[in-house]
Each structure stands twice: as structure tokens, then as C-alpha cells.
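For reference, the structure discussed in these notes is given below.
The values are calculated or read from the model by the stated rules, or taken from the named source; none is laboratory data. This one's a predicted model, so the numbers in the text were calculated from it and none came from an experiment. Glycine gets a Cβ as well: all are built from the backbone with ideal geometry, and neighbour counts include every protein chain shown.
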Amino acid sequence: MVKEVHDEGYAVVARSDVEAAQAEASSRSAHQPKQARNQTAFFMALAIGSIASALGFSTLQEKVFNIPGFTYGGWMTFITYLTYSACGLAESTVTRSFKRNASLRDYALISILAMAGAYFTNWALNYLNYTTRIVFKSCRVIPVMAFRSLVVGQRYSALQYGAGALLVVGISLFTAGDAEGAPNFSGVGVALIAVALLCDALTANLEERQFFRIRTPASHAEVMTYLSLFAALESFLVLLATGELQAALAHSSLHRETVPTICAFSVLGYVTVCLVLLLIKHFGATSAEVVKSMRKVCQVILSFLVFPKPMSWKYVAGGALVAVALYALQRTGKKPVGADAKEKDREGRKLGGGGGNAAVPPAGAGTGTGAGTGDHHAGGGAVGSG
């Protein structure tokens, strides 16, 4: 037995208890470095996995557009959405989460915007280099900022507006470089990608409000499944209306690698969304944004390496301005401490949840393609053009 001194006098403690406490403290200190190493390894696995899957997505998608005679963006949109819905259904089956929280009406209406974003993006690639498409889609933040001001009344600082203007200059320079070197460049492509960005921005804001800022938020698997099913149906109707279906089927019969390649990059796009959502869940949105920014840089570099294009100083200068502007927007876009809590409280009162206890995630927490998909499968939020 040993004695421990307290204010009241002496207390008798079993030696085994003291030794057990010391052993537990020693075990905790020994486990902390190991836990930190495990967290680092987990982060690296998620980051490398999301970058690798996104690079696979963009490389395979660009490969499809390099197949001789492929100009069937609507056909690609249709197959992509079918694949997304299959992936979402498979995930729901594995996790046994079949409950639908959002309304079918909202899925049907928002899917029109998501499908339009994907359709116009793929159509634009008949007139633009793939790298220009990546840069344009990376700058979705501009219309998103504009629509957030209109839809949710968000206010931005002068520095953020300045970064947005710099972003426009960077995009213009990069597009000018494309106009010099791309044999099929056309202003039609710029107009189409601009329309796609507007559709994506609306999709992102409406997805956040209708799917993730409700009392019981929808899972990303639910959103991917239902939104993709509606979008696939809508894109199929567009194929019939435009007469593209018959020509696309004939082309895919002649070039049999087309459909499997589209399915393959669509699966990779879905995987990318899941990994980015895990990054946000375990390491925060800032870490996820850093990984997504690295991914975009890698996608542009890989595109130039795998599918060589005429180099121009405008590509370099425009890309640098875009990178600086996006970094500035990311830094200035951080909320002050407690902002998320106040926002949750406001949303909770709106929903009648009695304050911050309502099941409402912070902005962007559940938006897969805000999460996501950034620039691949998911247009504005969980599903879209990428």
C-alpha cells in the first residue's frame, strides 16, 4: 500500500491502482504519435486517391473527345448520368440507406439545370481545348458568388470582388491562348461553357438549399441516384429531339471503346466525389480545397503531357492569374470563428428547430460537387457537368 497526501490528511491507495494509472498515462503518450501518424496516412491516402481518380477521369474523358469523329456530347451526358445513378444505387445498397429525404419534385426540377450544365459543357468541347474547359470550370466561383448574393443574400468584400475580376482576366488570357493554338476554336465554345457555368452555379445553390439545408439532409448517394436518374431521362429526351441518338449509336458501334471509356471515367468521377466528401468530413473544407486546387493544376499539366497542344505565354500567364485569384478567394472566403454556429442557429430557427440543434449542415458541407466535384462529374453540387 502507498499513501497519497490530500488536504484532509492521508488517503490509502492500492499500489496496483497507482501503477495502473501510470501505465494508462504512458500508453496514451505512446499512442498519440501513432494516432497522428495514422491521421497523416489517412489524409494522404484520401488526397492521393482523389487526385488520382480525378486525373483518371479527365484523361479518359479527353481521350473520348480525341476519338475520330466524336462530337456527341449529349450521348456522353446520357451515359455519364446512367453510370452515376448506378453508382449511387450501389452505394445505397451497400450502406442499406434507401430512405429518401428530399422531394421528387425538387430532384426533377434541379436535374434539368444539372443536365443542362453537363450538356453545354460537353457540347463546348467541340470548340475548345480540354485544358480551357478545366480552367473555365475551375472558375465556377464567379457565378456561384453572384447567385449566392441573389439567393441567400451573401455579401462579399472589395478584395473578393477584386479577386473575381482577376479571375476573369486570367480566364480571358487562357482562352486567348486557346484561340491561337486550337484549330477548332470558336467563340461558340466560350458561349456554351459560359451557359454551363450559369447552370452549374444555380444547381449548386439550389442543391444546397433543397437537399442539404433541410431538417433531415439527403445523403450524397441519394442525391446522386435520384438527380442522375432524372437527368439521364431528360438527356435521353434531348437525344431523341435533336436526332443525335442514331448517329451516336452508329459512331459507338464503329468505335467500340467509346461507351466503356465513358462509363469508366464516370465511375472515377463518382469515386472522386466520395473521397472529397471524406476529406471534408475528417479534415475540414480548407484541406479539401487545397487538394482540389492541386488536382486542377495536375489535370492541366497532364492534359498538356498526354495530349500535346501548341504552347503559348498566354496559357502560362492566364493560368498563373487564375491560380492567384482562386487562392485569394479561398483565403478571403474563410468565415470568422463562430460564423458557422450563428448560421446554423439562424437556419434552425427558420426550420422551427429551436436554434442550432436543427440537423442543418454548414454551407457546402453536404454539396457533393461543391465538394465535388469541383470540375468533373458533378456540375454545381452533387451532380452535374464537371
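Considering only the range 98-111, state which residues are small (Gly, Ala, Ser) and more than 22 Å from the chain's Cα centre (by Cα).
Selection gives 103 alone.
Against the conditions (1) in contact with a Gly (Cβ under 8 Å, 6 or more places away or on another chain); (2) of a type outside the set (Gly, Ala, Ser); (3) in a helix (DSSP H, G or I), where does residue 215 fall short? Just the number, please.
Only one criterion in (1) in contact with a Gly (Cβ under 8 Å, 6 or more places away or on another chain); (2) of a type outside the set (Gly, Ala, Ser); (3) in a helix (DSSP H, G or I) is unmet by residue 215, namely (3).
Does the range 226-247 contain any residue that is touching an Asp or Glu at 6+ places or on another chain (Cβ under 7 Å), touching a residue at least 40 places away in the same chain (Cβ under 8 Å) and either under 23 Å from residue 110 (Cα atoms) or assigned to a helix (DSSP H, G or I) (or both)?
Looking through the range 226-247, none of the residues is touching an Asp or Glu at 6+ places or on another chain (Cβ under 7 Å), touching a residue at least 40 places away in the same chain (Cβ under 8 Å) and either under 23 Å from residue 110 (Cα atoms) or assigned to a helix (DSSP H, G or I) (or both).
If a residue must be of a type in the set (Ser, Thr, Tyr) and either crowded, with 21+ Cβ neighbours inside 10 Å or touching a residue at least 24 places away in the same chain (Cβ under 8 Å) (or both), how many such residues does the range 38-55 contain?
2
I'm checking my understanding of the structure. Among residues of the range 283-321 that are assigned to a helix (DSSP H, G or I) and of a type in the set (Ser, Thr, Tyr), which one is modelled with the highest pLDDT?
Residue satisfying both the conditions and the ranking: 303.
Would a scan of the range 12-26 turn up a residue that is touching a Lys or Arg at 6+ places or on another chain (Cβ under 9 Å), over 30 Å from residue 239 (Cβ atoms) and modelled with pLDDT under 60?
Yes, the range 12-26 has at least one match.
Somewhere in the range 251-261, is a residue surrounded by fewer than 22 Cβ atoms within 10 Å (Cβ to Cβ) and farther than 21 Å from residue 59 by Cα?
Yes, that holds for at least one residue.
So that you can scan it fast, the table gives a plain yes or no per residue for (1) surrounded by 17 or more Cβ atoms within 10 Å (Cβ to Cβ); (2) out of contact with any Gly (no Cβ under 8 Å at 6 or more places or on another chain); (3) within 22 Å of residue 304 (Cβ to Cβ); (4) at pLDDT 70 or above:
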| residue | (1), (2), (3), (4) |
| --- | --- |
| 154 | no, yes, no, yes |
| 157 | no, yes, no, yes |
| 167 | yes, yes, yes, yes |
| 182 | yes, yes, yes, no |
| 196 | yes, no, no, yes |
| 204 | yes, no, no, yes |
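With small (Gly, Ala, Ser) and in contact with a Phe, Trp or Tyr (Cβ under 8 Å, 6 or more places away or on another chain) as the only criterion, which of 69, 49, 88 stands out?
From the options 69, 49, 88, the qualifying one is 88.
Hey, among 219, 252, which residue is under 26 Å from the mean Cα position of the chain (by Cα) and among the polar types (S, T, N, Q)?
Unique residue meeting the criteria: 219.
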